[in-house]
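Everything below concerns the one structure shown next.
The values are calculated or read from the model by the stated rules, or taken from the named source; none is laboratory data. Since we're looking at a predicted model, the values are computed, not measured. Don't worry about glycine lacking a Cβ; one is built from the backbone with ideal geometry, like all the others, and counts go over all protein chains shown. Each accessible area value is taken on the protein alone, full model and side chains, heavy atoms only, with ligands, DNA and RNA left out. Shrake-Rupley method; radii C 1.70, N 1.55, O 1.52, S 1.80 Å.
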Amino acid sequence: QVQLVESGGGLVQAGDSLRVSCAASRRTFSSMGWFRQAPGKEREFVAIIDWSSSSPRYADSVKGRFTISRDNAKNTVYLQMNSLKPEDTAVYYCVTEWTGSTWPPIWTDFGSWGQGTQVTVSS
């Protein structure tokens with residue numbers, strides 16, 4: 001199992017930008033991605049990127065505002081979040097070791113999870 005550690009969360013205002021990062025304990029050739037969970041809501045898919053970074057994919061709710069990227073030399077995946085909205089407020093979780101085939105991905109199809117980082121967007 002790969003250990004994942006997120007960082008970079010915080011409190012920002014609506015319209016601001018924020019980048020969260022996730023460092024893996026070792027190299028993984030699996031896709032890496034992000035989920036989020038807001039209070040009282042189910043965990044939802046945000047974005048995912050493959051090893052070669054050739055085909056990042058996004059949830060419709062963040063498409064055009066968020067960008068996922070990865071640096072394989074650093075075993076790190078990033079989520080750049082622009083034009084943040086109060087509804088983006090959630091705990092953001094990094095994932096890897098995807099074994100599923102459904103779309104959008106479901107969180108139970110990932111073998112490794114981070115502890116989460118809180119992102120709060122004030123109006």
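With respect to SER21, is the statement that it is over 18 Å from THR120 (Cα atoms) and either surrounded by 15 or more Cβ atoms within 10 Å (Cβ to Cβ) or without any contact (Cβ under 8 Å) to a residue 24 or more places away in the chain (or both) true?
Details: over 18 Å from THR120 (Cα atoms): no; either surrounded by 15 or more Cβ atoms within 10 Å (Cβ to Cβ) or without any contact (Cβ under 8 Å) to a residue 24 or more places away in the chain (or both): yes.
So SER21 does not fit the description; no.
Just for segment 1-18: of the residues that are β-branched (Val, Ile, Thr) and part of a strand (DSSP E or B), which one is surrounded by the fewest Cβ atoms within 10 Å (Cβ to Cβ)? Per the stated criteria, the residue is VAL5. Selection of first residues in segment 66-83 that are within 13 Å of SER31 (Cβ to Cβ) and buried (at least 16 other Cβ atoms within 10 Å of the Cβ) and of second residues that are at pLDDT 95 or above and aromatic (Phe, Trp, Tyr), restricted to Cβ pairs under 8 Å at least 6 apart or on distinct chains, gives the following pairs, ordered by first then second residue: ILE68/TRP34; ILE68/TYR58; ILE68/TYR78; ARG70/TYR78; VAL77/TRP34.
Would you confirm whether any residue within segment 95-102 is closer than 23 Å to GLY10 by Cα, hydrophobic (A, V, I, L, M, F, W, C), touching a residue at least 24 places away in the same chain (Cβ under 8 Å) and part of a loop (DSSP other than H, G, I, E, B)? The answer is no, given that none of the residues of segment 95-102 is closer than 23 Å to GLY10 by Cα, hydrophobic (A, V, I, L, M, F, W, C), touching a residue at least 24 places away in the same chain (Cβ under 8 Å) and part of a loop (DSSP other than H, G, I, E, B).
Which residue, of THR96, THR89, is polar (S, T, N, Q), in contact with a strand residue (DSSP E or B) (Cβ under 9 Å, 6 or more places away or on another chain), crowded, with 18+ Cβ neighbours inside 10 Å and more than 16 Å from SER21 (Cα to Cα)? Give the steps one after another, and end with the answer.
Values: THR96 fails: more than 16 Å from SER21 (Cα to Cα).
Testing whether each residue is polar (S, T, N, Q), in contact with a strand residue (DSSP E or B) (Cβ under 9 Å, 6 or more places away or on another chain), crowded, with 18+ Cβ neighbours inside 10 Å and more than 16 Å from SER21 (Cα to Cα) leaves just THR89.
Listed by first and then second residue, the pairs with beta-carbon distance under 6 Å, at least 6 apart or on different chains, first residue in segment 42-61 and touching a residue at least 12 places away in the same chain (Cβ under 8 Å), second surrounded by fewer than 18 Cβ atoms within 10 Å (Cβ to Cβ), are ARG43/GLN37; ARG43/TRP107; PHE45/ALA59; PHE45/PRO104; VAL46/ALA59; ILE48/ARG57; ILE49/PRO56; TRP51/PHE29.
Look at segment 40-54 and say how many of its residues are open to solvent by less than 60 Å² (accessible area, probe 1.4 Å) and either outside any strand (DSSP E or B) or of a type in the set (Lys, Arg) (or both). Let's see the steps before the verdict.
So in segment 40-54, the residues open to solvent by less than 60 Å² (accessible area, probe 1.4 Å) come out as 45-50, 53.
Filter once more, keeping what is either outside any strand (DSSP E or B) or of a type in the set (Lys, Arg) (or both): 50, 53.
Qualifying residue count, segment 40-54: 2.
Considering (1) under 15 Å from the mean Cα position of the chain (by Cα); (2) of a type outside the set (D, E, K, R); (3) at pLDDT below 95, the lone condition that SER54 does not fulfil carries the number (1).
Checked against the criterion of being part of a loop (DSSP other than H, G, I, E, B), at pLDDT below 95 and farther than 24 Å from ASP71 by Cα, segment 19-39 contains one or more residues that satisfy it.
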